[in-house]
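The values are calculated or read from the model by the stated rules, or taken from the named source; none is laboratory data. These figures come from a predicted structure and were not determined experimentally. No Cβ is skipped: glycine too gets one built from the backbone with ideal geometry, and neighbour counts run over all protein chains shown.
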Amino acid sequence: MEKRLNVHQKGQVAMKAIYGLAIYLAKSPIEKSPLHLIEFRVSQINGCAFCLDMHSKDLRAEGESEQRLYLLSAWREAPFYTERERAALAWAEALTKVAEGPVSDELYQQASKHFSEQELIDLTMAIITINSYNRLNIAFPAQVGTYQPGAYKVQVS
């Protein structure tokens, strides 16, 4: 693939909007495990190589097991995820695969059992954010394999 523009450099003004979502989400009461797992799973669905490289490295640096990462695409059949993580993953898949139809009442009720109203809003914003980053990185690919763990960690003040 030919080299394309660097959206993080050339689109700094536009990128501030999405960076604002990342700053907001860094303050979310949702623990990091489900948030990071959905970032990885959504990136799998969208085929975003840069994000998969980044999130796998960050997850491993934070102590996530390789087994949970390897089996994430088959999370429904694997016994390694909590019910809260499963609810987050199901919600993330439904909001990412929007062409399959609207989110069912059953899925909403399941997610509502594990997340407060505010957490469900934050979870939805996290899914919107990673889908946005995936699309940016697919349109304007960065070099895959160069990411260093923690390089994009949001500093919360």
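Key figures
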item	result
Criterion (modelled with pLDDT under 95, within 14 Å of the chain's Cα centre (by Cα), under 17 Å from L35 (Cβ atoms) and not acidic (D, E)) met by exactly one of L123, L59, L95	L59
Meets criteria (touching a Leu at 6+ places or on another chain (Cβ under 9 Å) and either surrounded by fewer than 17 Cβ atoms within 10 Å (Cβ to Cβ) or within 26 Å of L136 (Cα to Cα) (or both)) for L52	no
Of all residues in segment 85-118 being closer than 21 Å to N131 by Cβ and among the basic types (K, R), the one that is surrounded by the fewest Cβ atoms within 10 Å (Cβ to Cβ)	K97
Criterion (in a helix (DSSP H, G or I), touching a residue at least 24 places away in the same chain (Cβ under 8 Å) and under 17 Å from V42 (Cβ atoms)) met by exactly one of L136, L107	L136
Residue among L89, L95 that is in contact (Cβ under 8 Å) with a residue 12 or more places away in the chain, in contact with a Lys or Arg (Cβ under 6 Å, 6 or more places away or on another chain) and either assigned to a helix (DSSP H, G or I) or among the acidic types (D, E) (or both)	L89
Any hit, segment 45-60, residues being touching a residue at least 12 places away in the same chain (Cβ under 8 Å), in contact with a Pro (Cβ under 7 Å, 6 or more places away or on another chain), closer than 15 Å to N131 by Cα and of a type in the set (F, W, Y)	yes
Residue selected from segment 19-49 under the condition touching a helix residue (DSSP H, G or I) at 6+ places or on another chain (Cβ under 8 Å) and not in a helix (DSSP H, G or I), by the criterion surrounded by the most Cβ atoms within 10 Å (Cβ to Cβ)	C48
Residue check, A126 of a type in the set (G, A, S) and outside any helix (DSSP H, G or I)	no
Given (1) without any contact (Cβ under 8 Å) to a residue 40 or more places away in the chain; (2) surrounded by 18 or more Cβ atoms within 10 Å (Cβ to Cβ); (3) in a helix (DSSP H, G or I), index of the condition E64 fails	(3)
Matching entry among I45, I38 (being modelled with pLDDT of 95 or more and more than 19 Å from G150 (Cα to Cα))	I45
